[in-house]
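Quick notes on the structure that follows.
Each value in this text was obtained by applying a stated rule to the coordinates, not by laboratory testing. Just so it is clear, the structure is predicted and the values come from calculations on it, not from any experiment. Glycine gets a Cβ as well: all are built from the backbone with ideal geometry, and neighbour counts include every protein chain shown.
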Amino acid sequence: MKFDRLKDFLDYYLPMLGVPGSDTVIYKDHEEIFRHTSGFDNLKYRTPMRDDAIHHIYSCTKIATCVAALQLIERGEILINDPVHVYFPEYKNLQVARRGADGKIRLEKARNPILIRHLFSMTSGLDYSLRRASIDRVKKATGGVCPTLDIIRALPEDPLICEPGERYCYGLSHDILGGIVELISGMKLGDYMKKNIFDPLGMKDTTFEIGQHNYERIASQYEYDSVGRCAIEVLKDSNAMRFGSEYQSGGAGLISTVNDFILLTDALANGGVGKNGARILSGASVKLLSSPTLTPEQNVTFEMGLNLGYDYGLGVRVMRDPAKAGSLMPKGAFGWDGKKMSLSVSDPENKLAIFHVEEIDGMNAILIPRLMNVIYSCLDEE
């Protein structure tokens with residue numbers, strides 16, 4: 001395998017689009033076959049991207065949260081068809097905001113309960129609105145501390161945007177799923193993940209906490225200016241999903257390194273077994289994680305744009321139709337991406353794992369399909 005084409009893509013094509021820098025690693029059969037850092041961590045000071053930088057991985061957090069919840073299923077502590085109100089009674093009497101024929105929105109009692117299945121599959125009826133009265137109330141009541149379970153218990157105070165199970169709606173579902181892990185385990189979500197996922201795999205820098213000891217290693221973050229086609233720097237410790245100092249977002253709160261997160265990505269590409277031989281999930285659970293969950297009706301609101309040709313599994317997009325997607329990826333490859341263009345892809349067919357970070361948003365739909373095609377075109381090069 002030769003990766004000259006991939007290096008050219010990372011070194012020249014990404015900067016041409018305004019991406020400050022990137023870091024990419026590929027494993028095959030538990031062994032690193034490619035690693036390349038490119039460009040700058042900080043454009044103003046022209047500091048190069050460092051290979052031990054700590055990155056906000058945003059929605060790649062969802063993969064770890066779904067793994068944690070699947071571990072609870074393996075232990076018989078939860079069932080995928082359990083109603084959420086079994087664990088959080090606050091979810092017993094939900095309201096749905098419905099628009100009537102006259103165009104007015106009215107609140108009605110939900111006909112169906114939210115199931116754990118709905119949390120996994122983003123069909124709970126919760127969207128990603130962060131300007132919620134429930135969140136604001138907890139922020140005020142706790143002085144900005146916002147313990148995770150306080151937020152999770154408060155979310156049902158606001159109406160759902162659709163009936164549970166009605167359609168795919170990307171939102172706060174995995175935050176609630178992380179809350180269930182915290183409630184059942186009796187541990188903070190991050191502590192549970194450390195004990196049951198990160199430590200077993202040898203992941204040393206993945207956490208919800210930004211400590212003073214690692215602040216200098218936090219990568220710079222950028223917003224993409226589509227008009228000027230340039231990157232605008234933002235605070236490197238900012239994350240809108242951190243509602244308070246004690247809130248751990250199962251949907252988007254983790255920070256990690258490329259060296260760390262590839263170990264989880266690799267384990268999922270190899271049936272739940274990590275590079276060091278540690279098993280974090282059974283092969284059956286990995287298969288469940290990467291199996292389609294949406295009905296044809298639900299899939300209408302998922303399969304568009306970047307998701308064309310994909311199904312949605314338990315927190316991951318799963319390649320269903322490479323020809324429809326125009327992708328060189330094989331059927332069954334799965335993963336997810338985060339707001340600032342963190343990307344995790346596990347490919348069981350080839351036992352291939354890919355993790356890539358950029359720390360700039362607004363580029364995912366443009367770059368992910370291109371990056372995947374370049375990578376897979378290199379695998380047959382000699």
Would you mind getting the Kirkwood hydrodynamic radius of region 80-185 from its Cα pairs, rounded to one decimal in Å?
14.0 Å
So, by mean Cβ neighbours within 10 angstrom, what's the order for 197-208, 291-302 with the highest one leading?
197-208, 291-302
Estimated FRET transfer efficiency when R0 is 51 angstrom, pair ARG99-ASP237 (beta carbons, to 0.05):
0.85
Which length gain, in nm to one decimal place, applies between ASN42 and ALA141 when the Cα-Cα distance is subtracted from 0.36 nm times their residue separation?
31.9 nm
May I ask you to compute the full-extension gain from ALA365 to GLU77, defined as 0.36 nm times their residue separation minus their alpha-carbon distance, rounded to one decimal in nm?
99.9 nm
Here are a few candidate values for Cα extents along the principal axes in Å: (i) 54, 47, 39; (ii) 60, 46, 43; (iii) 60, 59, 34. Which one was actually calculated from the structure I just gave you?
(ii)
Give the Kirkwood hydrodynamic radius (Å, one decimal) of region 127-175, defined as one over the mean of 1/r across all pairs of different Cα atoms.
11.6 Å
Quote to one decimal, in nm, the extra length available between VAL300 and ARG131 on full extension: 0.36 nm per residue of separation minus the C-alpha distance between them.
58.2 nm
What distance in nm separates the simple spin-label points at LYS109 and HIS85, each placed 7 Å from Cα in the Cβ direction?
0.9 nm
Okay, helix-only estimate at 222 nm for the chain: each DSSP H run of n ≥ 4 adds -39500 (n - 2.57), divide by all residues, round to 500 deg cm²/dmol; what do you get?
-7000 deg cm²/dmol
